[in-house]
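**Q** Handing you a structure now.
The values are calculated or read from the model by the stated rules, or taken from the named source; none is laboratory data. Keep in mind that this is a model prediction, so the values were computed, not measured. Here the Cβ is made from the backbone with ideal geometry for all residues, glycine too, and neighbour counts use every protein chain on show. Just the protein is used for accessible areas: all its heavy atoms, side chains included, with ligands, DNA and RNA removed. Shrake-Rupley method; radii C 1.70, N 1.55, O 1.52, S 1.80 Å.
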Amino acid sequence: MKKAILILITAVASVFLIASCGKKLAPSVSGGKIKRGFDSATYDYVYVEAIKQKLMGNGGEALGYLEHCIKINPNSDAAYYQMAQIVASNGDLVNGKKYLSKALEIQPENVWYLTMLSSLYYQSKNIDSAIVYYEKAVKAFPDKENLQLNLGKLYSENQNYSEAVSILDELDKKYGVNETSTLLAIRNLMASGRYNEAEVKTRMLLEDNPDEVIFNGLLAEVFQGKGDNTSAMEVYTSLIERNPENPSVQLSLCNFLINSKRYDD
């Protein structure tokens, strides 16, 4: 009994929490567009019941209530969003994308809808469409660096290296070289054969952390990419001399030797 009461309270709280958020940030209860004359009290009651059933794991019943919400207010983006979550969690990506597309027709700049739809396309192995919706999210929310970083990763995975580096360079200008955007930018530069630029960025990372194994290993990879295995080996030799007892350095050197097919060494 106590558990049921707690679930109901949670459901009600979630509805009012959603309603209190800005339209562009979270799904609203009554939808982005207002259909004059619909019974908002009945809608809210049915919506709360839908959320309660969803939280209890009764997806089928929750969908039934949400469909009733749509009948009461066809412009309820929140109902479509909840339906998309339920069907997608059951592996139905087709209907998940359909419901999210409906939600986006009502609220075209909602970051949750855009990123979730991008995720569903990514799961469907349609990375081009995933990128399209992530680009829309970045355009709608240009100040959200996490969106830009994720878009950069999508570009990288899709071998759009120039686009990825462009985004990551902007983040570097804003925050300085770092282990997130700078490392990803270096990987993209290497993948596109721009080894000189990759070396410059790697050395910038090493200025503050000269003994960092990851950065030194990356510099060695850059030299390898240039075909300069001698310089790559010198990087590890110098690192070993400065850190003779560091097992991470020794392991990194072993991996380098294996990749260089120097098995005896």
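**Q** Extension gain K261-N178, at 0.36 nm per residue separation less the Cα-Cα distance, in nm? Mind dumping the intermediate values first?
**A** Numbers: separation 83, 0.36 × 83 = 29.88 nm, distance 3.16 nm.
Length gained, K261 through N178: 26.7 nm.
**Q** In addition: Positive end of the dipole of segment 123-265, charges at C-beta (+1 Lys, Arg; -1 Asp, Glu), about the Cα centre: which of A185, I127, N229 has its Cα farthest in that direction?
**A** So the residue furthest toward the plus end is I127.
**Q** Order the following by accessible area, largest value first: D208, D92. Probe radius 1.4 Å; ligands, DNA and RNA are ignored. Walk me through the numbers before you get to the answer.
**A** Numbers: D208 120, D92 50 Å².
Descending accessible area places them as D208, D92.
**Q** Just in segment 132-185: which trypsin sites (Lys or Arg not before Pro) are loop by DSSP and have at most 16 other Cβ atoms within 10 Å? Mind showing how you got there, number by number?
**A** Values: sites: K136, K139, K144, K153, K173, K174; in loops: K144.
Sparse-neighbourhood loop trypsin sites (Lys or Arg not before Pro): K144.
**Q** Between N209 and E67, 0.36 nm times their residue separation minus their Cα-Cα distance comes to what? Provide the component values of the computation, followed by the final result.
**A** Values: separation 142, 0.36 × 142 = 51.12 nm, distance 5.68 nm.
Computed gain between N209 and E67 is 45.4 nm.
**Q** Quick one: with all protein chains in place, what share of the accessible area of the chain is carbon or sulfur, to the nearest percent (1.4 Å probe)? Mind showing how you got there, number by number?
**A** On the way: 7690 of 14490 Å².
Answer for the chain: carbon and sulfur cover 53 percent of the accessible area.
**Q** Now for a separate question. How long are the three semi-axes of the equivalent ellipsoid for the chain, computed from the Cα gyration tensor as the root of 5 times each eigenvalue, in whole Å, largest first? Walk me through the numbers before you get to the answer.
**A** Details: eigenvalues 511, 78, 53 Å².
Listed largest to smallest, the semi-axes of the chain are 51, 20, 16 Å.
**Q** Right, something else. Run the numbers for A41 and N158: contour at 0.36 nm per residue of separation, minus the present Cα-Cα distance, in nm.
**A** Numbers: separation 117, 0.36 × 117 = 42.12 nm, distance 4.70 nm.
Answer, rounded to one decimal: 37.4 nm.
**Q** Select from segment 211-265 those chymotrypsin sites (Phe, Trp or Tyr not before Pro) which occupy a DSSP coil region and have at most 14 other Cβ atoms within 10 Å, ordered by residue number. Intermediate results must be reported in sequence, preceding the final value.
**A** Details: sites: F215, F223, Y236, F256, Y263; in loops: Y263.
Counting only loop positions with at most 14 other Cβ atoms within 10 Å, the chymotrypsin sites (Phe, Trp or Tyr not before Pro) in segment 211-265 are Y263.
**Q** Find me the longest stretch of the chain that has none of the exposed GluC sites (Glu not before Pro), where exposed means in a DSSP loop (not H, G, I, E or B) with at most 12 other Cβ atoms within 10 Å. Before the final figure, lay out the partial values.
**A** Numbers: sites that count: E179, E245.
Answer - 1-178.
**Q** A follow-up question, please. What is the Cα radius of gyration of segment 170-265 over 2.2 N^0.38 Å, N being its residue count? Before the final figure, lay out the partial values.
**A** Numbers: Rg = 13.5 Å, N = 96, 2.2 N^0.38 = 12.5 Å.
For segment 170-265, the normalised Cα radius of gyration is 1.08.
**Q** May I ask you to derive the FRET efficiency for M56 and D92 from their Cβ-Cβ distance with R0 = 25 Å, giving the value to the nearest 0.05?
**A** Details: r = 20 Å, r/R0 = 0.79.
Calculated value: 0.80.
**Q** Just to confirm a number: summing +1 for Lys and Arg and -1 for Asp and Glu over residues other than E145 whose beta-carbon lies under 14 angstrom from that of E145, what do you get?
**A** Its environment carries a net charge of 0.
**Q** Can I ask one more? Net charge around L168, counting only other residues with Cβ within less than 14 Å of its Cβ (Lys, Arg = +1; Asp, Glu = -1)? List each step's numbers first, then the result.
**A** Values: positive: K153, K173, K174, R187, R194, K201; negative: E145, E157, E163, D169, E170, D172, E179, E197.
Residues near L168 contribute -2 overall.
**Q** Taking 8 Å as the Cα distance limit and 6 or more residues as the minimum spacing, I'd like the relative contact order of the chain as a percentage. Don't skip to the answer; put the middle values down first.
**A** Working: 315 pairs, mean separation 24.4, N = 265.
Dividing the mean separation by the residue count of the chain yields 9 percent.
**Q** For segment 97-111 and segment 117-191, compute the distance between their C-alpha centroids and round to whole Å.
**A** Between the Cα centre of segment 97-111 and that of segment 117-191, the gap is 22 Å.
**Q** Moving on. Using the heavy atoms of the protein chains and a 1.4 angstrom probe, tell me the accessible area per residue for the chain in square angstrom.
**A** On the way: 14490 Å² over 265 residues.
The answer is 55 Å² per residue.
**Q** A further question on this structure: Using a 1.4 angstrom probe on the protein heavy atoms only, line up C254, C69 by accessible area, largest first.
**A** Numbers: C254 70, C69 0 Å².
Final ranking, largest accessible area leading: C254, C69.
**Q** Here's something else I'd like to know. For every helix of n ≥ 4 consecutive DSSP H residues, a contribution of -39,500 (n - 2.57) applies; sum these over the chain, divide by its total residues, and give [θ] at 222 nm rounded to the nearest 500 deg cm²/dmol.
**A** Working: 14 runs with 197 residues, N = 265.
Calculated at 222 nm, the ellipticity per residue is -24000 deg cm²/dmol.
**Q** How long, wide and thick is segment 54-111, going by the Cα atoms along their three principal axes, in whole angstroms, largest first?
**A** Per principal axis, max minus min of the Cα coordinates gives 29, 25, 17 Å.
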